[in-house]
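Notes follow the structure.
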Amino acid sequence: MSPKVGVVLSGCGFLDGSEIHEAVLTLMHLDRHGAEVVCMAPRGAQQHVVDHARGQPEASVRDMFVESARIARGKIRDLATVRAADLDAVVMPGGYGAAKNLSDFAANGAAATPHAEVAALLREMYAANKPIGAICIAPAVVALVLGRTVHPTLTIGNDASTAQALQAMGCKHRDCAVTDCVIDADHRIVTTPAYMFDARVSEVAQGIGKLVDAVLAMVAGKHR
């Protein structure tokens, strides 16, 4: 039976939602393994909307779920309806949506609060010993949910201030190249920095590919 992997999205566009390259590369690498993908997103307004041509906020409102459906080609579930029992693993692409919509980490750093539905799913996945993957800035969401209780080892690359925020939330940070990932086998959490670096898409693809490989190896029982 194919593993069923949830992909948590936060909108469509790296400045106000999910980073599209990271999301699509995640879907591609999961498909490479023959995994069944369940795209999901919360319902509700994004923190704000950014004109990606100008890099400036614009006066409009967009819904995370509706925007995420663009990436998922319409095949998307309301995050509130998904439980750990429905999945074998979960992966969160990055983009500012992880730090603005799935949490308020962009504004409040280590004192931030995760989105309640995201927090509930991550806690359920961890309690069920099911793997969690997080890309780019999304490890900050994992840190907000699990850092102070289980102290996982995560990476956001080598950005010192963000690494310090993760450590303030109780995590251990490990520097990592864009083409690699950090595997915390004890806690069944895998992270990769992706566009935390000013990197080529081919380099980001390598790191995400390794993350997906590791997550699915955990599902198959090849990691502790």
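The values are calculated or read from the model by the stated rules, or taken from the named source; none is laboratory data. Worth saying up front: this structure is predicted, and the values here are computed from it rather than measured. No Cβ is skipped: glycine too gets one built from the backbone with ideal geometry, and neighbour counts run over all protein chains shown.
Overview of results
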item	result
Scan of segment 93-108 for residues that are touching a residue at least 60 places away in the same chain (Cβ under 8 Å) and at negative phi, ordered by number	Pro93, Gly94, Tyr96, Gly97, Ala98, Lys100, Asn101, Leu102, Phe105
Breaking point among (1) touching a residue at least 24 places away in the same chain (Cβ under 8 Å); (2) farther than 24 Å from Thr191 by Cβ; (3) not acidic (Asp, Glu), for Met1	(1)
So Val145, is it assigned to a strand (DSSP E or B), at pLDDT 95 or above and crowded, with 18+ Cβ neighbours inside 10 Å	no
Residue list for segment 180-224, restricted to those being of a type in the set (Asp, Glu) and part of a loop (DSSP other than H, G, I, E, B)	Asp180, Asp186, Asp198
Matching residues in segment 189-213 - criterion: being within 23 Å of Lys130 (Cα to Cα), touching a residue at least 60 places away in the same chain (Cβ under 8 Å) and surrounded by fewer than 23 Cβ atoms within 10 Å (Cβ to Cβ)	Gly209, Asp213
Enumeration of residues in segment 39-48 that are buried (at least 20 other Cβ atoms within 10 Å of the Cβ) and in contact with a Phe, Trp or Tyr (Cβ under 6 Å, 6 or more places away or on another chain)	Ala41
Restricting segment 57-94 to residues that are surrounded by fewer than 17 Cβ atoms within 10 Å (Cβ to Cβ), β-branched (Val, Ile, Thr) and at pLDDT 95 or above, the residue that is nearest to Tyr126 (Cα to Cα)	Thr81
Those residues of segment 10-38 which are crowded, with 24+ Cβ neighbours inside 10 Å, under 13 Å from the mean Cα position of the chain (by Cα) and of a type outside the set (A, V, I, L, M), in sequence order	Ser10, Gly11, Gly17, Ser18, Glu19, Glu22, Thr26
Per-region count, segment 168-224, residues of a type in the set (D, E, K, R) and in contact with a Ser or Thr (Cβ under 6 Å, 6 or more places away or on another chain)	4
Extreme residue, modelled with the lowest pLDDT, among residues of segment 1-26 that are among the small types (Gly, Ala, Ser) and more than 21 Å from Cys181 (Cα to Cα)	Ser2
Top-ranked residue of segment 80-105 - restricted to ones that are among the β-branched types (Val, Ile, Thr) and in a strand (DSSP E or B), ranked as nearest to Thr191 (Cα to Cα)	Val91
Residue within segment 111-130 that is acidic (Asp, Glu), crowded, with 17+ Cβ neighbours inside 10 Å and either touching a residue at least 60 places away in the same chain (Cβ under 8 Å) or closer than 17 Å to Leu15 by Cα (or both) present	yes
Members of segment 148-179 that are of a type in the set (D, E, K, R) and assigned to a loop (DSSP other than H, G, I, E, B)	Asp159, Arg174, Asp175
